[in-house]
Number of protein chains: 2
Amino acid sequence: MDSDAFAKLPPPPYYAVVFSSVRTAADEAGYGEAAARMVELARGQPGFLGVESVRGADGFGITVSNWDSEDAIRAWRRHAEHAATRERGRANWYRHFELRIARVERAYGWGAGDGPGRTDAPA
Amino acid sequence: MDSDAFAKLPPPPYYAVVFSSVRTAADEAGYGEAAARMVELARGQPGFLGVESVRGADGFGITVSNWDSEDAIRAWRRHAEHAATRERGRANWYRHFELRIARVERAYGWGAGDGPGRTDAPA
């Protein structure tokens, strides 16, 4: 799963939407289906760059979607099927969420094959 | 756990460090102890605002720490105990990680008690 879980992103700058949430215990099947559909739909939107997502056993999760501009984020927000799914989310699936929109300025990474050097890039 | 998992953050702007990683299977006890210690240590640093973190059963995790300035992030990066723990992370605990530093521009949230209105704030 290693390589699948990470978004393949271009060099910054780009924009990230950090979505932190706590699920209700309700409707796991409907939630899972809708979440997969939203990722599929987002991948087809102009300006979508990639997404990373994780949820713990306690119901708390973080999803970070990445976009090439704030306009792309606004257009996704206005997408009709996405808006309808957000309504279902508030009614059924989420107890609480927080959403932050951020401009990514710098990025770097490291893999076990890289040796110690690569993280010492931008401070 | 609801209220504990979310960072209590001031209004933007502030800076977020998005750390995505895949764990090795090694040294769960040592990792857990070091991760808790790093959160404790970060909380005492100037400019630290809050952190949210989750790891899934498959070993992929996202941690978002929030800071009041890029200078605060740089100072934390230079902290000696943090630097030593990062070395242990590369040697033992992580298979791959990606780190992105971003300026948070807008933020909003919603809780089940809020009704539908609060998410319709900034577009």
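Structure notes:
- Yes/no for B:Ala91 being modelled with pLDDT under 95 and of a type in the set (A, V, I, L, M): yes
- Residue within segment A:29-43 that is within 18 Å of B:Val64 (Cβ to Cβ) and in contact with a Phe, Trp or Tyr (Cβ under 7 Å, 6 or more places away or on another chain) present: no
- Each residue in segment A:75-102 was checked for being in contact with an Asp or Glu (Cβ under 8 Å, 6 or more places away or on another chain) and surrounded by 16 or more Cβ atoms within 10 Å (Cβ to Cβ), and 5 of them qualify.
- Residue under evaluation A:Arg37, criteria (1) out of contact with any Lys or Arg (no Cβ under 7 Å at 6 or more places or on another chain); (2) surrounded by 15 or more Cβ atoms within 10 Å (Cβ to Cβ), criterion not met: (2)
- Residue within segment B:35-50 that is of a type outside the set (Phe, Trp, Tyr), under 15 Å from the mean Cα position of the chain (by Cα) and facing chain A (nearest Cβ under 10 Å) present: no
The values are calculated or read from the model by the stated rules, or taken from the named source; none is laboratory data. These numbers were taken from a predicted model, which means no experiment stands behind them. Note: ideal-geometry Cβ built from the backbone for every residue, glycine included; neighbour counts use all protein chains shown.
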